[in-house]
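Colleague: After the structure tokens below, expect a handful of questions from me.
The values are calculated or read from the model by the stated rules, or taken from the named source; none is laboratory data. These numbers come from a predicted model, not from an experiment. Cβ placement follows ideal geometry from the backbone for every residue including glycine, while neighbour counts extend to all protein chains displayed. With ligands, DNA and RNA removed, areas are computed over all heavy atoms of the protein, side chains included. Shrake-Rupley method; radii C 1.70, N 1.55, O 1.52, S 1.80 Å.
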Amino acid sequence: MNRTEQPPLRPVILGFLLAAVCLVSLSLTGILLADSPSTPADLSIPWLPSLGITFSLRLDGFSLLFLFLISGIGALVFAYSGSYIRAKGKSTSLLGILFLFFLAMCGLVAADDLILLFIFWELTSICSFLLIGTDHFKEEARKAATQAFLVTAGGGLCLLAALLHIGAAAGTFRISEILEGGALAGNLPAWVLCAVVIAAATKSAQIPFHSWLPRGMAAPAPVSAFLHSATMVKAGIFLLARLNPLFNTDPLWSQLLVPLGAATMLYGAVLAICFPDLKRLLAYSTISALGVLVSLIGIGSQESMKAALVFLTAHSLYKAGLFMVVGLVEHSTGSRDGLELHGLYRSLPLTCAAALLCGLSMIGAPPLIGFLAKELMYEAKIDAVIGGAALPAVTFLTSVFTVAAAAMVSFFPYFRRKRSSEIPVQEIPVPLLIGPLFLGVLSLAIGFFPQFVADAFFEPALIVLAPETTEVKLKLWHGVNPVLIISIAALLLGVILAYIRTTPSVQKACDFAVGALPPGPRVFDSTLSALLRLGERSLSIFPTRNRADFVRIALVGFALYFGLLLYWQLPAESYFSRLHLSTSLDWLNGAFLVLSCIGALKSRTHLAALLWIGAAGVALTVIFSTSGAPDLALTQLLVEMFILLAFAFLGASLLRKRLEKQRAAPSEYLLSLFASGALITFLLVTPLAEKPTELTRFFGERTLIEAGGANIVNVILVDFRALDTMGEVLVVIFAALGIHWLRKQWKEQEG
Amino acid sequence: MNSSKLLMTASRLLVPVQLLIAVWLLLRGHNFPGGGFIAGLSFGAALTLWCSERNALPEDLSTVFRGRFLLTLGWLSLLTSTLLSPLLGGIFMESVVLFSFETFLFGKVLVGSVLLFDLGVFFAVGGFTAVILELRSDGGQE
């Protein structure tokens with residue numbers, strides 16, 4: 001192994017391999033799009049037929065557009081992150097989690113089953129948690145990851161409730177069938193609509209759930225580029241657009257979405273320029289863009305859907321590019337302060353070119369794709385039924401601030417002059433430049449062939465979202481119309497705003513705003529810690545002194561709970577008469593059992609207590625084997641052996657220690673023991689004395705015929721009730737793996 | 001560690017026998033008393049006995065007996081057993097029998113999802129024991 005100064009090449013190779021996988025997916029998507037855009041590809045495998053849940057995927061035009069974006073940007077991100085990991089010395093496992101995320105995201109947009117959609121939705125949240133927490137040795141990264149996860153997973157729970165209701169109301173979980181009939185449209189209760197909106201708002205960082213996204217910028221640059229700008233945060237938009245036909249007849253839908261989106265887009269755009277930290281700036285500008293998309297879907301006309309599709313594509317391209325660029329600049333100069341950096345165009349010419357192209361698309365300058373998107377957006381907002389003049393006004397203000405933000409991220413660091421000396425830069429490896437440059441050039445290229453892109457991508461997607469669509473026209477030049485004048489005005493005002501932003505007094509005001517305004521993370525942190533404190537307090541109401549006290553409290557609680565339950569549903573007849581301790585062996589065993597229990601209570605050392613308890617276990621084994629349960633007997637015997645061995649192995653010194661004196665009054669213990677003992681006796685007697693139930697007969701009849709095994713206990717465990725067993729075993733496995741990793745980390749820390 | 005000669009000698013004999021018993025319990029479990037869990041317990045007991053006498057790690061007995069490896073084997077077997085049926089065109093978690101053969105010691109052995117499931121439980125229990133044994137021998141060596 002070559003272990004000199006050169007970092008290993010492995011992540012780079014792996015990155016390119018994963019990028020190749022994405023390219024395969026990209027070309028397959030392209031073939032499907034070119035082949036038959038109108039007839040969706042279907043795949044359905046029965047999964048849990050008894051619940052009507054299938055593993056079904058469906059690729060219609062809308063899914064394909066998303067898949068194309070995910071695969072394309074994924075390929076660039078993987079190519080970028082391999083070199084990024086190498087340059088930054090991060091762990092290669094980052095690539096693995098990123099790929100898992102890629103798969104989850106593909107699954108999310110392709111899912112045709114509500115439950116499957118939910119599973120992929122949660123999987124993306126989990127990946128986001130792991131990826132934000134890449135630098136988990138930093139406290140801020142851990143906190144950011146926790147907040148992102150709790151917020152998005154909380155939204156996920158709302159989504160689950162809504163999806164289950166939709167599935168139950170429709171009688172099927174297949175999304176295509178639910179949407180096709182249109183029977184459900186407008187017939188769903190308002191809470192389902194609200195739950196879907198909350199789920200989308202948490203995932204797509206809408207006010208007031210937005211603050212996890214800027215905080216999530218603790219993640220490495222490729223993660224921010226892929227998850228937190230181009231794909232994952234768009235999952236909420238995807239959900240809204242997908243379920244739009246179910247809700248758009250309800251006026252509440254647009255009454256919720258349009259103000260939500262409008263407030264978010266203005267808030268995000270204004271806050272964006274307050275942050276000199278370029279990553280934060282981009283995060284807030286992403287929030288703003290997501291607000292634009294939410295409001296466009298809320299308007300719900302065919303025109304606005306078209307605008308949403310084009311805007312979404314444009315934003316994914318330029319924002320992913322800008323995130324990558326900021327990562328490069330940070331790597332190269334060690335800073336990502338937009339007002340501190342200056343004059344980089346000479347030392348980083350290619351990075352500067354990529355930043356400029358993406359920035360021009362962001363401000364919507366012709367002929368880039370951003371221009372097309374912005375014109376369509378304005379048209380849709382002006383024509384919107386809802387909101388009157390307020391909506392275009394808010395959009396106009398948002399554009400002004402967006403232009404200023406774009407100037408701060410893609411103009412200032414490169415072209416501003418300062419008196420201070422030139423910034424020392426580190427060379428940027430060429431593979432890192434591929435991604436941002438390609439995205440910038442693509443943004444430009446689409447502007448030259450708008451109709452081709454519209455035919456290939458936007459038309460099939462729009463037909464899904466707005467079935468009345470016949471064809472999608474996309475052109476660069478609309479003539480001199482109000483929209484063009486508005487956007488030129490926004491551009492000019494934005495440039496002026498950016499210039500003002502650099503003056504010292506405004507900088508001071510912005511610094512003050514940054515310190516005071518966004519209270520999201522603080523509110524979240526204090527709420528979380530208050531909850532944790534509440535948990536601790538609630539524990540302290542029990543007067544616990546040691547483990548024995550805990551056991552006592554548990555026993556009393558158990559006896560009370562089941563005692564009350566039994567009291568309300570007392571069986572009609574007494575079962576005690578049916579108790580049969582018939583044979584003398586039973587009596588002998590019972591006596592032995594009682595004796596060994598007394599022995600355990602009386603013993604003075606751990607070893608003696610352990611042996612007495614073992615003796616009780618043997619007595620139980622005999623009872624099991626004489627009453628026709630050889631499996632239980634065998635298990636009981638082995639467990640007893642195992643416990644003894646484990647104690648002998650783990651605590652040789654512990655065993656010789658004397659048992660500590662109990663401090664509580666004996667009456668307390670007697671009471672709890674008596675109560676729980678009496679209850680357990682009663683519980684045991686009740687079902688044991690009953691005649692063979694239906695279940696017994698069911699298993700007796702089917703075990704051999706259906707499962708092909710003669711051992712009923714085993715067949716129940718591994719076949720009829722395999723899901724329960726599997727859950728238990730997986731808990732054991734993951735607990736053990738957790739112990740293993742903790743031990744490994746501990747060992748590494750020790751040296 | 002003070003280990004007695006008697007137990008040391010006995011364990012040399014006992015451990016292989018215990019391992020054989022584990023396999024026996026595992027294979028006959030579907031038709032007679034036995035099954036993955038108690039086979040795993042027997043396996044774990046064998047590992048514990050062997051390690052405690054020599055103050056060693058399970059992997060010293062065989063490199064296969066590393067905790068992480070056994071656990072991974074465990075969840076992979078479980079996963080495969082659930083996916084066997086869908087792969088053959090059936091339903092998730094349905095029981096599938098690939099083939100079966102008659103044996104003298106174990107009765108009729110069915111090779112399929114159920115055996116894989118039992119194997120998963122077996123490896124999980126054994127792997128858990130191995131992880132605990134590894135944990136303890138860390139402290140011992142310091």
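Colleague: Taking every pair of alpha-carbon atoms in the stretch A:26-115, what share in percent sits in each 5 Å bin, from 0 to the bin with the longest distance?
Modeller: Whole-percent P(r) values from 0 Å outward: 3, 13, 19, 18, 15, 13, 10, 6, 3, 1, 0.
Colleague: If you average the C-alpha positions of the stretch A:185-227 and of the stretch A:462-520 separately, how far apart do those two centres end up, in angstrom?
Modeller: Result: 22 Å between the Cα centres.
Colleague: Going by Cα centres, the stretch A:269-300 and the stretch B:52-67 are how many Å apart?
Modeller: 57
Colleague: What's the magnitude of the charge dipole for the stretch B:13-142 around its Cα centre, counting Lys and Arg as +1 and Asp and Glu as -1 at the beta-carbon? Answer in Debye, nearest 20. Walk me through the intermediate numbers first.
Modeller: Details: 6 positive and 9 negative charges, 44 e Å.
Dipole size: approximately 200 debye.
Colleague: How much accessible area does B:ARG68 have with a 1.4 Å probe, in Å² rounded to the nearest 10?
Modeller: 100
Colleague: Order A:ASP511, A:ASP525, B:ASP118, most accessible first, counting only protein heavy atoms with a 1.4 angstrom probe. Mind dumping the intermediate values first?
Modeller: Working: A:ASP511 90, A:ASP525 40, B:ASP118 5 Å².
Most to least solvent-accessible, the answer reads A:ASP511, A:ASP525, B:ASP118.
Colleague: Any idea what angle helix B:113-141 forms with the longest principal axis of chain B, computed on alpha-carbon atoms, 0 to 90 degrees, nearest 10?
Modeller: Computed tilt is about 20 degrees.
Colleague: Another question, then. Please average, across the residues of B:43-52, the number of beta carbons from any other chain that are within 10 Å of each residue's own beta carbon, and give a whole number.
Modeller: Working: counts 0, 4, 6, 1, 1, 7, 3, 0, 1, 6.
The per-residue average across the peptide is 3.
Colleague: Let me ask something additional. Quick one: which residues, 5+ away or cross-chain, put their amide H under 5 Å from the amide H of B:SER100? H built at 1.01 Å from N.
Modeller: Here B:VAL111 satisfy the definition.
Colleague: If you don't mind, another one. Contour minus end-to-end for A:CYS194 and A:VAL24, with contour as 0.36 nm per residue of separation and end-to-end as the Cα-Cα distance?
Modeller: Working: separation 170, 0.36 × 170 = 61.20 nm, distance 3.85 nm.
Full-extension gain reported as 57.3 nm.
Colleague: Using amide H atoms built 1.01 Å from N in the peptide plane, name the residues 5+ places from A:ALA41, or on other chains, whose amide H lies under 5 Å from its own.
Modeller: A:LEU59
Colleague: While we're looking at this one, here's another question. Could you derive backbone 3J(HN,Hα) for the stretch A:216-227 from the dihedral phi with the Karplus parameters 6.51, -1.76 and 1.60 (θ = phi - 60°), listing whole Hz in sequence and x where the residue is Gly or Pro?
Modeller: Here the 3J(HN,Hα) series is x, 5, 5, 6, x, 3, x, 5, 4, 5, 8, 7 Hz.
Colleague: Using a/c under 1.5 as the rounded threshold, could you call the stretch B:28-121 rounded, prolate or oblate? The axes a ≥ b ≥ c are square roots of the C-alpha gyration tensor eigenvalues, and prolate needs a/b larger than b/c, oblate otherwise. Provide the component values of the computation, followed by the final result.
Modeller: Details: a/c = 3.06, a/b = 1.66, b/c = 1.84.
Cα axes put the stretch B:28-121 in the oblate bin.
Colleague: Mind ordering B:32-39, A:260-267 by average Cβ neighbours within 10 Å, highest first? Each step should come with its number before you reach the end.
Modeller: Values: B:32-39: 25.5, A:260-267: 23.4.
Highest mean packing first, the order is B:32-39, A:260-267.
Colleague: Classify the protein assembly as shown as rounded, prolate or oblate from the Cα gyration tensor: take a ≥ b ≥ c as the square roots of its eigenvalues, call it rounded if a/c is under 1.5, otherwise prolate when a/b beats b/c and oblate if not.
Modeller: Details: a/c = 2.16, a/b = 1.87, b/c = 1.15.
In terms of gyration-tensor shape, prolate.
Colleague: Could you rank A:ASP719, A:ASP549 by how accessible they are, 1.4 Å probe, largest area first?
Modeller: Numbers: A:ASP719 35, A:ASP549 5 Å².
Putting A:ASP719, A:ASP549 in descending order of accessible area: A:ASP719, A:ASP549.
Colleague: Contact order normalised by length for chain A, with contacts defined as Cα pairs under 8 Å and 6 or more residues apart; what percent is it?
Modeller: Values: 1013 pairs, mean separation 75.7, N = 751.
Across chain A, relative contact order equals 10 percent.
Colleague: List every residue whose amide H lies under 5 Å from the amide H of A:THR605, counting only residues 5 or more places away in sequence or on a different chain, with H placed 1.01 Å from N in the peptide plane.
Modeller: The answer is A:LEU659.
Colleague: If Rh is defined by the Kirkwood formula over all Cα pairs and Rg also comes from Cα, what ratio Rg/Rh do you get for the stretch A:103-170?
Modeller: Working: Rg = 14.0 Å, Rh = 12.8 Å.
A ratio of 1.09.
Colleague: Report the Stokes-Einstein translational diffusion coefficient (µm² s⁻¹, integer) for the stretch A:152-216, Rh taken as the Kirkwood radius over Cα pairs, at 20 °C with viscosity 1.002 mPa s. Let's see the in-between values first.
Modeller: Values: Rh = 12.7 Å.
It comes out at roughly 169 µm²/s.
Colleague: Something else about it: If you take the C-alpha gyration tensor of the stretch A:241-299, multiply each eigenvalue by 5 and take the square root, what semi-axes do you get, largest first, in whole Å?
Modeller: Details: eigenvalues 153, 21, 5 Å².
Result for the stretch A:241-299: semi-axes of 28, 10, 5 Å.
Colleague: Then there is this: I need the peptides B:14-21, A:615-622, A:68-75 ranked by packing, meaning the mean over residues of other C-beta atoms within 10 angstrom, with the highest value on top. Let's see the in-between values first.
Modeller: On the way: B:14-21: 16.0, A:615-622: 18.6, A:68-75: 24.5.
Order by mean packing, descending: A:68-75, A:615-622, B:14-21.
Colleague: Averaged over B:22-35, how many beta carbons belonging to a partner chain fall within 10 Å of each residue's beta carbon? If you can, show how the numbers build up before the last one.
Modeller: Working: counts 0, 0, 0, 2, 0, 0, 3, 8, 10, 7, 7, 11, 7, 10.
Partner-chain Cβ atoms within 10 Å, mean over residues of B:22-35: 5.
Colleague: Then there is this: How many Cβ atoms of partner chains, on average, are near each residue of B:77-90 if near means within 10 Å of its Cβ?
Modeller: On the way: counts 1, 6, 2, 0, 3, 3, 0, 0, 0, 4, 0, 0, 2, 2.
Per residue, the average neighbour count from other chains is 2.
Colleague: Right, here's the next one. Can you run phi through the Karplus equation (6.51, -1.76, 1.60; θ = phi - 60°) for the stretch B:56-67 and list ³J(HN,Hα) in whole Hz, with x for Gly and Pro?
Modeller: My calculation for the stretch B:56-67 gives 10, 8, x, 6, 6, 6, 7, 5, 5, 8, 7, x Hz in order.
Colleague: Count charges around A:THR92 for me, please; just the other residues with Cβ under 13 Å from its Cβ, Lys/Arg as +1, Asp/Glu as -1.
Modeller: +4
Colleague: Using heavy-atom solvent-accessible surface (probe 1.4 Å) with all chains present, what is the largest-first order of A:PHE592, A:PHE137, B:PHE92? All intermediate terms of the calculation are to be shown ahead of the outcome.
Modeller: Numbers: A:PHE592 95, A:PHE137 150, B:PHE92 50 Å².
Heavy-atom accessible area, descending, gives A:PHE137, A:PHE592, B:PHE92.
Colleague: Using helices alone, what [θ] at 222 nm do you get for chain A, with -39,500 (n - 2.57) per DSSP H run of 4 or more residues, divided over all residues and rounded to the nearest 500? Don't skip to the answer; put the middle values down first.
Modeller: Details: 32 runs with 537 residues, N = 751.
Helix-only estimate at 222 nm: -24000 deg cm²/dmol.
Colleague: Okay, moving on. Can you bin the stretch A:383-485 into rounded, prolate or oblate? Criterion: square roots of the alpha carbon gyration tensor eigenvalues sorted a ≥ b ≥ c, rounded for a/c under 1.5, prolate for a/b above b/c, oblate for the rest.
Modeller: Numbers: a/c = 2.86, a/b = 1.52, b/c = 1.88.
It is oblate, given that a/c is not under 1.5 and a/b is not larger than b/c.
Colleague: Sticking with this structure for a sec: Are there cysteines in the protein assembly as shown with no second cysteine's Cβ under 4.7 Å away, and if so, which?
Modeller: A:CYS22, A:CYS106, A:CYS127, A:CYS158, A:CYS194, A:CYS352, A:CYS358, A:CYS597, B:CYS51
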